[in-house]
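The values are calculated or read from the model by the stated rules, or taken from the named source; none is laboratory data. Since the structure is predicted, the reported quantities are computational estimates derived from the model, not experimental observations. Cβ coordinates were reconstructed from backbone atoms using ideal geometry, including for glycine residues, and neighbour counts include every protein chain displayed. In case anyone asks, the SASA skips ligands and DNA or RNA and just uses the protein heavy atoms, side chains included. Shrake-Rupley method; radii C 1.70, N 1.55, O 1.52, S 1.80 Å.
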Amino acid sequence: LVVSVEELETRTTQQFDQVDVSLSERPTFEDIYYVDVHQYERKGKTFTEAMKEACREGGRTIVVKPGYHELTETIRVKDNTVIKMYGATIKRMSDINAMFINESDGSVGGYGASHNIRFEGGTLDLNGTQFPGQCSGIAVSHMSDFTVKDMHFADIYDWHYIEVNASQRVLIEN
């Protein structure tokens with residue numbers, strides 16, 4: 001698919017206007033980077049490798065295509081990231097203790113470890129039937145401006161679907 005810069009900017013602005021992320025300043029077009037995880041999978045990477053590559057840097061809106069995806073490692077999400085998963089099911093396929101985490105390593109106090117992370121749509125299947133250990137779907141701490149919207153969670157064995165510690169301006173909706 002080839003589009004002009006003007007058309008891409010218009011589409012990006014329209015998509016960003018639909019994303020209600022609480023930011024102190026609204027990013028400009030140049031600050032937003034849309035990633036289709038499928039583009040990495042087409043290059044022979046697994047879904048886990050594709051997500052790690054897509055989340056390598058912050059300031060992105062990452063789009064996961066509808067369908068079934070297997071996750072074998074924890075994904076670390078950077079600042080100013082939106083992950084849209086409408087129509088997707090991401091299933092844990094290894095004995096990890098969280099599917100998605102923020103940048104907090106426990107050494108940064110207050111709310112400064114991460115900011116502006118949002119998850120939208122989709123289902124996280126924690127696959128507790130096959131992996132009956134402790135696991136959280138999304139675990140964040142010491143951050144500000146965290147949102148989970150329109151998500152479903154399934155098959156947990158132990159711990160939490162969403163774990164939020166020492167954070168401010170948190171919204172979990174639908």
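Miscellaneous remarks
- When residues of the range 129-174 are limited to those that are of a type in the set (D, E, K, R) and either touching an Asp or Glu at 6+ places or on another chain (Cβ under 9 Å) or within 26 Å of Met93 (Cβ to Cβ) (or both), the one most open to solvent (accessible area, probe 1.4 Å): Arg169
- Inter-residue pairs, beta-carbon under 6 Å, first closer than 20 Å to Gly58 by Cα and in the range 88-107, second part of a strand (DSSP E or B) and open to solvent by 60 Å² or more (accessible area, probe 1.4 Å), 6+ apart: Ile101/Arg76
- Condition met for Arg118 (free of Cβ contacts under 8 Å to residues at least 40 places away in the same chain and touching a strand residue (DSSP E or B) at 6+ places or on another chain (Cβ under 6 Å)): no
- For Asn116, the conditions (1) under 15 Å from Met151 (Cβ atoms); (2) crowded, with 19+ Cβ neighbours inside 10 Å; (3) not charged (D, E, K, R) all hold with the exception of (1).
- Pairs meeting the criteria (first residue in the range 143-171 and closer than 17 Å to Met85 by Cβ and modelled with pLDDT of 95 or more, second residue hydroxyl-bearing (Ser, Thr, Tyr) and in a loop (DSSP other than H, G, I, E, B), beta carbons under 7 Å, at least 6 apart or on different chains) are Phe146/Ser167; Phe153/Tyr161; Asp155/Thr129.
- Test set (1) modelled with pLDDT of 95 or more; (2) surrounded by 21 or more Cβ atoms within 10 Å (Cβ to Cβ) - Gly121 fails condition number: (2)
- Residue check, Met93 at pLDDT 90 or above and either among the charged types (D, E, K, R) or in contact with a helix residue (DSSP H, G or I) (Cβ under 9 Å, 6 or more places away or on another chain) (or both): yes
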